[in-house]
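Chemist: Here's a structure for you.
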Amino acid sequence: MVTRKSFPTKELWLEARKGKIGGSDAAAVLGLNPYKTNEELWKEMVGIKEPIDISDKPYVIYGTKAEEHIRAIFALDHPEYKVEYFGDNMLLNDKYPFAHASLDGELTEIETGRKGIFECKTSELFGSMHKEKWDGEHIPDNYYIQVLHYLMVTEYEFVELRAQIKSVWNQRIRLITKDYHIEREDVTEDIEILKKEEYEFIKSVKQRKQPALILPEI
């Protein structure tokens, strides 16, 4: 059964996340988070390392403040959905007591009543390698794993990910908006793979047995 837990303050919400795998943690479990290794996540979850606080970073502040506006514009662009946001809350699933999902928004397809996930990303391009991540039709790996985790926990039917990609050249700002749609039925095998990896990771946390470092492919 999937339930929602709401919190009166952001501090209480952050405290409740401890000891559970969240969407941004899921890529680290697979060694696909460019900002955190699976070893670092393990050390945080067993309590021998404090997570690095990045809440004061300019890109984090920008993304947090932009989120509500991007969500509102998405709603204008996609009248086929009812778009909702529930503040500092998390969705929990009895099947996966080690996991939680804190969503940027929730969607209801008006014609069918199907439930979906809204995920918002802001990214500023600083070089060709960074630009390459967003070229083509595929979501960067770490964000793809994040939405797979959300599909696992919520059991919703689809994801809409909106990315606002920003570049600055000669003091001129250029914004590119990209929408990605993922149907649950198309990624069920990937969800199963992630589920097994998260089970193994949380077992290593409970046993306090540090996993081997997973290095990204070159």
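The values are calculated or read from the model by the stated rules, or taken from the named source; none is laboratory data. Note that the coordinates shown come from a computational prediction; the quantities given were computed from them, not determined experimentally. FYI the Cβ positions are ideal-geometry reconstructions off the backbone, even for glycines, and counts take in every protein chain you see.
So that you can scan it fast, the table gives a plain yes or no per residue for (1) touching a Pro at 6+ places or on another chain (Cβ under 7 Å); (2) under 22 Å from residue 121 (Cα atoms); (3) modelled with pLDDT of 90 or more; (4) among the charged types (D, E, K, R):
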{"position": "1", "(1), (2), (3), (4)": "no, no, yes, no"}
{"position": "7", "(1), (2), (3), (4)": "no, no, yes, no"}
{"position": "10", "(1), (2), (3), (4)": "no, yes, no, yes"}
{"position": "21", "(1), (2), (3), (4)": "no, yes, yes, no"}
{"position": "27", "(1), (2), (3), (4)": "no, yes, yes, no"}
{"position": "55", "(1), (2), (3), (4)": "no, yes, no, no"}
{"position": "61", "(1), (2), (3), (4)": "no, yes, yes, no"}
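Chemist: Restricting attention to the range 47-69, does a residue exist that is buried (at least 17 other Cβ atoms within 10 Å of the Cβ) and free of Cβ contacts under 8 Å to residues at least 24 places away in the same chain?
Modeler: no
Chemist: Within the range 23-65, can you find the residues that are more than 18 Å from the chain's Cα centre (by Cα) and on the phi > 0 side of the Ramachandran plot?
Modeler: Matches in the range 23-65: 47 only.
Chemist: Which ones in the range 17-46 are of a type in the set (A, V, I, L, M) and surrounded by fewer than 17 Cβ atoms within 10 Å (Cβ to Cβ)?
Modeler: First, pick out the residues of the range 17-46 that are of a type in the set (A, V, I, L, M): 21, 26-30, 32, 41, 45-46.
Residue satisfying the conditions is 46 alone.
Chemist: Oh, and also: Give 153, 205, 159, 168 a once-over and let me know the one that is surrounded by fewer than 16 Cβ atoms within 10 Å (Cβ to Cβ) and out of contact with any Cys (no Cβ under 9 Å at 6 or more places or on another chain).
Modeler: Working: 153 fails: surrounded by fewer than 16 Cβ atoms within 10 Å (Cβ to Cβ); 205 fails: surrounded by fewer than 16 Cβ atoms within 10 Å (Cβ to Cβ); 159 fails: surrounded by fewer than 16 Cβ atoms within 10 Å (Cβ to Cβ).
Step by step, each of 153, 205, 159, 168 is checked, and only 168 is surrounded by fewer than 16 Cβ atoms within 10 Å (Cβ to Cβ) and out of contact with any Cys (no Cβ under 9 Å at 6 or more places or on another chain).
Chemist: Among the residues of the range 87-135, which ones are loosely packed, with under 15 Cβ neighbours inside 10 Å, of a type in the set (A, V, I, L, M, F, W, C) and at pLDDT 95 or above?
Modeler: Listed by number, the list holds a single entry, 110.
Chemist: Give me the pairs: first residue in the range 97-124 and over 15 Å from residue 139 (Cβ atoms), second residue at pLDDT below 95 and in a strand (DSSP E or B), beta-carbon distance under 6 Å, and six or more apart or on different chains, which are they?
Modeler: 124/166
Chemist: Could you say which residue among 145, 202, 214 is out of contact with any strand residue (DSSP E or B) (no Cβ under 9 Å at 6 or more places or on another chain), among the aliphatic types (A, V, I, L, M), part of a helix (DSSP H, G or I) and farther than 20 Å from residue 71 by Cβ?
Modeler: Numbers: 202 fails: out of contact with any strand residue (DSSP E or B) (no Cβ under 9 Å at 6 or more places or on another chain); 214 fails: part of a helix (DSSP H, G or I).
That would be 145, the only listed residue that is out of contact with any strand residue (DSSP E or B) (no Cβ under 9 Å at 6 or more places or on another chain), among the aliphatic types (A, V, I, L, M), part of a helix (DSSP H, G or I) and farther than 20 Å from residue 71 by Cβ.
Chemist: So, restricting to helices (runs of 4 or more DSSP H) that lie completely within the range 1-119, which ones have at least 3 residues that are closer than 22 Å to residue 196 by Cβ?
Modeler: Values: elements: 10-17, 23-29, 38-46, 58-77.
Qualifying helices (runs of 4 or more DSSP H): 23-29, 38-46.
Chemist: Let me ask something else about it. Of the residues 106, 155, 119, 160, only one is of a type in the set (D, E, K, R) and more than 24 Å from residue 29 (Cα to Cα); which? Step through it out loud before you land on a result.
Modeler: Values: 155 fails: more than 24 Å from residue 29 (Cα to Cα); 119 fails: more than 24 Å from residue 29 (Cα to Cα); 160 fails: more than 24 Å from residue 29 (Cα to Cα).
It is 106.
Chemist: Does the range 176-192 include one or more residues that are surrounded by 12 or more Cβ atoms within 10 Å (Cβ to Cβ), acidic (Asp, Glu) and part of a helix (DSSP H, G or I)?
Modeler: Yes, the range 176-192 contains at least one residue that is surrounded by 12 or more Cβ atoms within 10 Å (Cβ to Cβ), acidic (Asp, Glu) and part of a helix (DSSP H, G or I).
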